[in-house]
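K.L.:
What follows is a single structure, and I will ask about it in a moment.
The values are calculated or read from the model by the stated rules, or taken from the named source; none is laboratory data. The structure presented is a predicted model; accordingly, all values stated were derived computationally and were not measured. Heads up, the Cβs are rebuilt from the backbone with ideal geometry, glycines too, and the neighbour counts pull from every protein chain shown. All accessible areas refer to the heavy atoms of the entire protein, side chains included, with ligands and DNA or RNA removed. Shrake-Rupley method; radii C 1.70, N 1.55, O 1.52, S 1.80 Å.
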Amino acid sequence: MSEFKYPVRVYLLVAAFGFMTVVFATIRLGESNAYVDPYPFRTQFARLSGVKALVRDERAIGYLSNLKPGERGFTQLYFPTQYVMAPTLLVPLGPGTPSNYVLGNFTRQQDYTAIGVENGLAVVREFPMGVVLYRRRDTPAAPARGDESKTP
Amino acid sequence: MDLLPIILAILTGLVPAWSLLRGVSLATQQKSSVHGLASLEIASTAEALLICSLAFPLGASILGLSYFGSLAAGLDTPILAIAVAVLSGGIAWLFRGRASASTGDVLGQNAEPADRVDHRQSAETPVGRAVPPFPSNWILGTLAGVSILAVLAAIWGLIAKSPYGAWDSWAIWSLRGKFIGGGGEYWRNAIDPDFRLSHPEYPIMLSSFLGWAWRIVGLDSALPPQATAFAYLISLAGMVGGTLAMLRRASLALLAIPALLSPVVMVTVPASLYADLPMGVYATGTAILLVLAASANRKLRLFVAAGIFASLCIWTKEEGLLHMLVAALVVLAIWLAKRNEWNAQWRNVLAFAMAAAPGALAFWWFRVAFALPAGTRFAGRGGSAGTSIFSRAFDLSRYGEIGAQLWETTATLGPLLAHPLVFLLIAIAVLGVSRRALRGQAFLVGVLLLGLLWAGYLGSFVMLGGRISAVLSASLHRLVLHTWPILVFVVFLGLESPESWAVPVQVRTSRKERKMAGDDRGVRASRKGKG
């Protein structure tokens, strides 16, 4: 009867792989533990929950911000907002922008009514943390879905 | 409930995967070692693993694409996608064909023989002596399990802090999924030209599957893209391990798993919920199926499977077109390599083409009917704006920039003590290359496919508009995932197995064992005398 034996090199390979596996596993778990989320979405969900309830039946609405396309920080604000507002599409305000409603998304306190007037918009409702819902001035005032209060 | 879409995807893909792959493995015994699998005509545990690993990618693609198709046809019901999935499973069942010869489907006359009979020439290992599995496979299995669990746990830790992934997830892939999952006409937002800040022209399959999943579990759940990432990663490990176990040895398969999962991108990219992990899965699936097809006598089914996976590459990411073209070239190369069998082998080329054609044509329809023209891959911004393709090709400074970025990305894949390339180099140095495997068609097909892919990626980097270093620094770590699994697979395919180093040792038997053996010889002799 015969068995098989293996040279030391094979067991050294197993030991080496074992050591390296433990090393990379430890490092990955450590990195995961130390990770800090650079995009705190939870803030966006809380910030936009009120306006989302009002426009959730709109397939697409306009988007207005103090940050302009191409400016530093524009997409960093736009995309998290868009993700939270999905499936409603946010279309940067411009000719042919769909829908009567426009989401104002501002990074600093401003005169939102004046900004609306500049862009042919009227404020429907202001929310905390720079969120404003506008409607186009040339459309009749109609309450957004779920808004039981009278519009200004 | 939140995992229901994943479960449905696995169930959807099981029948087609089984139909395409059952009985294709090397079978050294007539019945399966796993109880009950013989009735399913599955010849080995490795084959079962491969079938299960291919199930989710196949199922997710069937459900995602059929759901998008139903939306485009004006039918907004996720149940229809399930009906299509059941129908495709039925069709796969009807066309399953004969699984294997009665002796089990050994991979044919032209196949790579398993090194269950090891052929390393040595004074101690006579040719033809069957070597049992490496006795320390349990240690290797433990290492593979530790690496899998560690990577999954690390991904989970990242996802717990960033449940919506990273930029491209909530700006492209998952976001489009949210649009598609909104029901009604919301799906059109995913391909709306007004969505120009993102990429409405990008392939839609992953997003469509996520959208279908969200239609089932509700848009408030963060789980669909997370569970999808886990499912794809587990499928990837199963594919590589299962195929290596089928073509070579379980010991090599188990050694390959820690090497496969060692790069940092195997944690960060899945946790980012990007489409690069699915892209890597479909690319690896295409590669292993072509390698199997090059090995197997029953090639037709495998070429069909490879064609399906190649077409799914282009539905996953833009780079998928390169993968499909390379796969087609490799199929042609396999055909041309057998000049004396052209007439017999052309059916394989046709099978690949016919399997890939529906997906490719459907993608062309998607691009023409819905998506914007292809992105600005060759348009210029910055330093290369306005330069022609030819001038970029001969601009040597671009190659230097690419090399520098490749070096930087490679260096950051892992620590020196556990760098992914160190795994491969140590395995090569200790086990050595298998001359027999290197001469085999399977290995050559793998090398050819990998080489063509790398050449294609290099070409695309050279042609990039804008500053190469800026573009590559943001994307190269993700692109590693497209070919790293194939590299690991090809390397371990070409190695000697631990069993190849086995040396037979005569074992002294005990007196009792010798007595029993002697009694047996006496009984046999008396029976012979009577007979």
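K.L.:
What nm distance separates the two modelled labels at B:LEU336 and A:ARG56, each placed 7 Å from Cα along Cα→Cβ?
P.N.:
Each label point is offset 7 Å from its Cα along the Cβ direction, giving 5.9 nm.
K.L.:
Another question about this same structure. Report, in debye and to the nearest 20, how large the dipole of the range B:214-335 comes out about its Cα centre when Lys and Arg carry +1 and Asp and Glu carry -1 on their Cβ.
P.N.:
My answer is approximately 540 debye.
K.L.:
Also, I was wondering about something else. Would you mind giving the mean number of other chain beta-carbons within 10 Å of the Cβ of each residue in A:6-19, as a whole number?
P.N.:
6
K.L.:
Can you give the mean number of other chain Cβ atoms that lie within 10 Å of the Cβ atoms in peptide B:427-434? Intermediate results must be reported in sequence, preceding the final value.
P.N.:
Values: counts 3, 0, 3, 9, 3, 1, 0, 0.
The shielding value for this peptide is 2.
K.L.:
For the pair A:TYR35 and A:MET129, what calculated FRET efficiency results from E = 1/(1 + (r/R0)^6), where r is the Cβ-Cβ distance and R0 = 22 Å, to the nearest 0.05? If you can, show how the numbers build up before the last one.
P.N.:
Numbers: r = 26 Å, r/R0 = 1.17.
Plugging the Cβ-Cβ distance into 1/(1 + (r/R0)^6) gives 0.30.
K.L.:
Let me ask something else about it. For the range B:185-230 and the range A:41-115, write down the distance between their C-alpha centroids in whole Å.
P.N.:
19 Å
K.L.:
Tell me the label-point distance for the pair B:ARG439, B:GLU185, using the 7 Å Cα-to-Cβ offset, in nm and rounded to one decimal.
P.N.:
6.8 nm
K.L.:
Within 13 Å, Cβ to Cβ, of B:LEU255, how many net charges do the neighbouring residues add up to if Lys/Arg are +1 and Asp/Glu are -1?
P.N.:
Neighbourhood net charge equals 0.
K.L.:
Could you run the Karplus curve 6.51 cos²θ - 1.76 cosθ + 1.60 with θ = phi - 60° over the range B:232-237 and give me ³J(HN,Hα) per residue in whole Hz, x for Gly and Pro?
P.N.:
With coefficients 6.51, -1.76 and 1.60, one gets 5, 5, 5, 4, 4, 4 Hz.
K.L.:
Another question about this same structure. Working with all protein chains in place, sort B:ASP220, B:ASP2 by solvent-accessible area computed with a 1.4 Å probe, largest first. Don't skip to the end; give the middle numbers.
P.N.:
Values: B:ASP220 155, B:ASP2 55 Å².
Largest accessible area first, the list is B:ASP220, B:ASP2.
K.L.:
While we're here: Just to confirm a number: summing +1 for Lys and Arg and -1 for Asp and Glu over residues other than A:PRO92 whose beta-carbon lies under 11 angstrom from that of A:PRO92, what do you get? Before the final figure, lay out each step's value.
P.N.:
Details: positive: A:LYS68, B:ARG196; negative: B:ASP194.
So the surrounding residues net to +1.
K.L.:
Tell me, what is the FRET efficiency for B:ILE389 and B:THR410 to the nearest 0.05, using R0 = 41 angstrom and their Cβ-Cβ distance as r?
P.N.:
0.95
K.L.:
Go through the range A:53-83 and flag every residue whose accessible area shrinks by 40 Å² or more with all protein chains in place compared to the isolated chain (probe 1.4 Å).
P.N.:
Going by heavy-atom accessible area, the residues of the range A:53-83 that drop by at least 40 Å² are A:ARG59, A:PHE79, A:TYR83.
K.L.:
Give me the distance in nm between label points sitting 7 Å out from Cα along the Cα-to-Cβ direction at A:PHE45 and B:SER136, one decimal.
P.N.:
The two pseudo-label positions are separated by 4.8 nm.
K.L.:
Using heavy-atom solvent-accessible surface (probe 1.4 Å) with all chains present, what is the largest-first order of B:CYS313, B:CYS52? It would help to have the intermediate numbers written out before the result.
P.N.:
Working: B:CYS313 0, B:CYS52 80 Å².
From most accessible down to least: B:CYS52, B:CYS313.
K.L.:
What percent does the relative contact order of chain A come to when contacts are Cα pairs within less than 8 Å and at least six residues apart?
P.N.:
Once divided by the residue count of chain A, the mean separation gives 21 percent.
K.L.:
While we're on this one: Between B:MET1 and B:VAL368, what FRET efficiency follows from the Cβ-Cβ distance if R0 is 30 Å, with the result rounded to 0.05? Mind dumping the intermediate values first?
P.N.:
On the way: r = 38 Å, r/R0 = 1.26.
It comes out at approximately 0.20.
K.L.:
Towards the positive end of the charge dipole of the range B:117-273, with charges on Cβ (+1 Lys, Arg; -1 Asp, Glu), say which of B:SER136, B:THR243, B:VAL151 has the farthest Cα.
P.N.:
Final value for the positive-end residue is B:SER136.
K.L.:
Just the number, please: buried accessible area between A and B, total of both chains, 1.4 angstrom probe, nearest 100 square angstrom.
P.N.:
So the buried area, both faces added, is about 5600 Å².
K.L.:
How large are Rg and Dmax for the range A:22-126 when calculated on the C-alpha trace, in angstrom?
P.N.:
17.7, 63
K.L.:
Could you rank the peptides A:44-50, B:185-191, B:19-25 by their average count of other C-beta atoms within 10 Å per residue, with the highest value first?
P.N.:
Packing proxy ranking, top to bottom: B:19-25, B:185-191, A:44-50.
K.L.:
If you count only protein heavy atoms with a 1.4 Å probe, what accessible area per residue comes out for the range B:144-270, rounded to a whole Å²?
P.N.:
Accessible surface, normalised per residue, equals 21 Å².
K.L.:
Per-residue mean of other chain beta-carbon atoms within 10 angstrom of the beta-carbon, peptide B:210-219?
P.N.:
On the way: counts 0, 1, 0, 0, 2, 0, 0, 0, 0, 3.
Taking the mean over all residues of the peptide, I get 1.
K.L.:
How charged is the neighbourhood of A:TYR101? Take every other residue with its Cβ under 9 Å from the Cβ of A:TYR101, and add Lys/Arg as +1 and Asp/Glu as -1.
P.N.:
Once positives and negatives cancel, what remains is +1.
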